[in-house]
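Inspection log for the structure reproduced underneath, given as structure tokens.
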Amino acid sequence: MHLSTHPIEKRRPSTDFNLQQMESIFEEANGKTDVLHRHDYYTVILVEAAAGTHVIDYQSYTFQPLEVYFVSPGQVHQIALSAPPKGWVLTFSRDFLIENNISESFISNINLFNAFGDSPPLKLDPVTFDRLVRILGEMKSCMPEGLTYRDRALGALLQLFLIYCNNSNSLNSSQLDEENSGVCILRDFKRMVESHYSEWHKVQEYAEAIHITSKHLSQTVKSITGKSAKELIQDRLVLEAKRLLIHTDSPVKEIAYTLGFEEPLHFSGFFKRNAGLSPSEYKLRKSSA
């Protein structure tokens, strides 16, 4: 089914690993707010101080001191600042992970990057913040291209940075254990949701594909993420619905069928329960915003 779209700008990395200061990016843009866009690389934003908002997948977060944001490839985001900020922006590609033998399961298991849904910032205590700043300082010293084993050093520092963030998170540190059966189930479930959300709407369909019971899948996902398997499936559907409503000219009926709903009324009811507005109301509000 063809969807006529107003494409969101998709940006590819100019380099597989980069570190910039927020204030430098602000100056280069002359303080102008960027358009909504998505990257095909990972982005980490460590904020020391900033006045403004950060929109990730249509959720708006007000910048606060000492926090860190994690944006996954494919997520739509936009930063709007009312004054020069102070902080750092770290980006790295999937190729960088592969070339430095860092498995994407490590990225998935630490549960800092959300592929979809809510992506609130991680609040940091001053000690952890200072530790992360020191690691970024080490990264900066390793950035020159001529450095022997440059990428290995940057890869090691990246993992250390993310591990300290994970340890500051309220989630269980056992998520770093890639042999943990629950972690493996969650990783497989997330991958399947990303691939099949428009086909499979029921927990049972994913459970059967993973060869476990629906109850086991639901309990495992809830224990690690705090959300049920059903909620994660619905989060992904709602997110895609919002993207299609805002960035395509397709009627609600067509979007409903695209997302696997047999009846447009079922889709409208589902969307209103989860987003608080009907699809047409949501589209109208966003187009006039």
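The values are calculated or read from the model by the stated rules, or taken from the named source; none is laboratory data. As the structure is a prediction and not an experimental result, all values here were calculated from the model. Ideal geometry is used to build each Cβ from the backbone, glycine not excepted, and the neighbour counts take in all protein chains shown. Accessible surface is based on the protein model in full, side chains and every heavy atom, while ligands, DNA and RNA are left aside. Shrake-Rupley method; radii C 1.70, N 1.55, O 1.52, S 1.80 Å.
Take the residues in region 66-94 that are polar (S, T, N, Q) and part of a strand (DSSP E or B); name whichever of them is modelled with the lowest pLDDT. The qualifying residue modelled with the lowest pLDDT is Gln78. When Cys142 is tested against (1) modelled with pLDDT of 85 or more; (2) within 29 Å of Gln64 (Cβ to Cβ); (3) surrounded by 14 or more Cβ atoms within 10 Å (Cβ to Cβ); (4) among the hydrophobic types (A, V, I, L, M, F, W, C), only condition (2) is not met. Scanning region 201-217 for residues being under 19 Å from Phe270 (Cβ atoms) and either hydroxyl-bearing (Ser, Thr, Tyr) or touching a Phe, Trp or Tyr at 6+ places or on another chain (Cβ under 6 Å) (or both) gives a total of 1.
The condition of being open to solvent by less than 60 Å² (accessible area, probe 1.4 Å) and touching a strand residue (DSSP E or B) at 6+ places or on another chain (Cβ under 9 Å) does not hold for Gly137. Do we find that Ile255 is within 26 Å of Arg38 (Cβ to Cβ) and touching a His at 6+ places or on another chain (Cβ under 9 Å) in this structure? No. Evaluated against (1) assigned to a loop (DSSP other than H, G, I, E, B); (2) at pLDDT 95 or above, Val133 falls short on exactly one condition, (1).
Note on region 21-61: residues that are part of a strand (DSSP E or B), in contact (Cβ under 8 Å) with a residue 60 or more places away in the chain, out of contact with any Asp or Glu (no Cβ under 9 Å at 6 or more places or on another chain) and closer than 23 Å to Pro144 by Cβ total 3.
Considering every residue within region 140-148, establish whether at least one is touching a residue at least 60 places away in the same chain (Cβ under 8 Å) and either part of a helix (DSSP H, G or I) or under 30 Å from Asn274 (Cα atoms) (or both). Yes. Residues that are open to solvent by 60 Å² or more (accessible area, probe 1.4 Å) and closer than 26 Å to Tyr257 by Cβ within region 201-229 comprise Lys202, Gln204, Glu205, Glu208, listed in sequence order.
Of all residues in region 233-256, those that are closer than 14 Å to Ser268 by Cα have Cβ atoms under 6 Å from Cβ atoms of residues that are assigned to a helix (DSSP H, G or I) and open to solvent by less than 10 Å² (accessible area, probe 1.4 Å), 6 or more apart or on another chain, in Ala241/Phe271; Leu244/Ile255; Leu245/Pro279; Val252/Pro279; Ala256/Phe267. Checking region 110-117 against the condition returns no match, with no residue being open to solvent by 20 Å² or more (accessible area, probe 1.4 Å) and either over 22 Å from Asn169 (Cα atoms) or out of contact with any Ser or Thr (no Cβ under 9 Å at 6 or more places or on another chain) (or both).
Taken over region 125-134, residues that are surrounded by 14 or more Cβ atoms within 10 Å (Cβ to Cβ) and either among the small types (Gly, Ala, Ser) or farther than 17 Å from Thr43 by Cα (or both) amount to 3. Among the residues making up region 240-268, those that are open to solvent by 10 Å² or more (accessible area, probe 1.4 Å) and assigned to a loop (DSSP other than H, G, I, E, B) are Asp249, Pro251, Gly260, Phe261, Glu262, Glu263. In this structure, Leu97 qualifies as more than 21 Å from Gly182 (Cα to Cα), touching a helix residue (DSSP H, G or I) at 6+ places or on another chain (Cβ under 7 Å) and of a type outside the set (D, E, K, R). You will find that of Leu186, Leu237, the residue that is crowded, with 17+ Cβ neighbours inside 10 Å and within 24 Å of Ser105 (Cβ to Cβ) is Leu186 and no other.
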